[in-house]
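The values are calculated or read from the model by the stated rules, or taken from the named source; none is laboratory data. All of these numbers come straight from a predicted model, not from anything done at the bench. Every residue, glycine as well, gets a Cβ built from its backbone with ideal geometry; the counts of neighbours run over all protein chains shown.
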Amino acid sequence: MDDAREPRWLDDEERETWFALGSLLLRLPGALDAQLRRDAGIGYFEYQVLARLSMVPERTLRMSALAVVAEGSLSRLSQVVTRLEGRGWVRRTPDPTDGRYTLATLTDEGWDKVVSSAPEHVETVRRLVYDPLTRAQVRQLGEIGRRVGRAIDADEPGSDRRPDRSAT
């Protein structure tokens, strides 16, 4: 089906903003991953999984919910949790309330890993993201992230069931 409408091209300012954002989206995860690998021996996604589990009651989530809050697919999460289980940091068990689901639980050793990894990681996040910004810009960045996130979620099937992503 041909759509005769002209594309809504970006103006110069929008194009430069888009390139700056694109660069940030590509470079920041790599910088965070490099810091965590160097200082903690784990990758950024592994840290996200451990950190997300560390912040929920009983340090336990269904794998499907964990995949959403950690921003990864269920298959990617499963591979990472297998590695984390091998290190003794996460344990998988059937959900006692519904056996169709699997729970991921952060072990005491996993908790210790998060606690030991967090200080350098938070310092890196602060240095790369927060220190260059004013307080007003930090608030704006948060609002921008939420707005763009809602637009993305609106395009995803079943987005009304996505859990709150505000905890980091």
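In this structure, is E16 within 18 Å of the chain's Cα centre (by Cα), more than 22 Å from G149 (Cβ to Cβ), assigned to a helix (DSSP H, G or I) and modelled with pLDDT of 95 or more? Judged against the criteria, E16 is not a match.
Restricting attention to the range 46-86, the residues being at pLDDT below 95 and on the phi > 0 side of the Ramachandran plot number 1.
Candidates in the range 70-92 are the residues that are under 11 Å from A104 (Cβ atoms), in contact (Cβ under 8 Å) with a residue 24 or more places away in the chain and assigned to a helix (DSSP H, G or I); of these, the one that is farthest from the chain's Cα centre (by Cα) is L84. Could you check D164 against (1) part of a loop (DSSP other than H, G, I, E, B); (2) at pLDDT below 95; (3) surrounded by 10 or more Cβ atoms within 10 Å (Cβ to Cβ) and say which number it fails? With (1) part of a loop (DSSP other than H, G, I, E, B); (2) at pLDDT below 95; (3) surrounded by 10 or more Cβ atoms within 10 Å (Cβ to Cβ) applied to D164, the lone miss is (3). Hey, does the range 58-69 have a residue that's without any contact (Cβ under 8 Å) to a residue 40 or more places away in the chain and either closer than 23 Å to L32 by Cβ or crowded, with 17+ Cβ neighbours inside 10 Å (or both)? Within the range 58-69, one or more residues are without any contact (Cβ under 8 Å) to a residue 40 or more places away in the chain and either closer than 23 Å to L32 by Cβ or crowded, with 17+ Cβ neighbours inside 10 Å (or both).
Taking the residues in the range 95-110 that are at pLDDT 95 or above and over 12 Å from T60 (Cβ atoms) as candidates, determine which candidate is surrounded by the fewest Cβ atoms within 10 Å (Cβ to Cβ). The qualifying residue surrounded by the fewest Cβ atoms within 10 Å (Cβ to Cβ) is D108.
Restricting R92, R150, R127, R146 to those that are basic (K, R) and farther than 29 Å from G22 by Cβ reduces the list to R92. Would you check if there is a residue in the range 34-44 being assigned to a loop (DSSP other than H, G, I, E, B), surrounded by 19 or more Cβ atoms within 10 Å (Cβ to Cβ) and at pLDDT 95 or above? Yes, there is a match, as at least one residue in the range 34-44 is assigned to a loop (DSSP other than H, G, I, E, B), surrounded by 19 or more Cβ atoms within 10 Å (Cβ to Cβ) and at pLDDT 95 or above.
Scanning the range 19-60 for residues that are farther than 18 Å from L103 by Cα and among the acidic types (D, E) yields D33, D39. Can we say S75 is loosely packed, with under 14 Cβ neighbours inside 10 Å and not β-branched (V, I, T)? It is true that S75 is loosely packed, with under 14 Cβ neighbours inside 10 Å and not β-branched (V, I, T).
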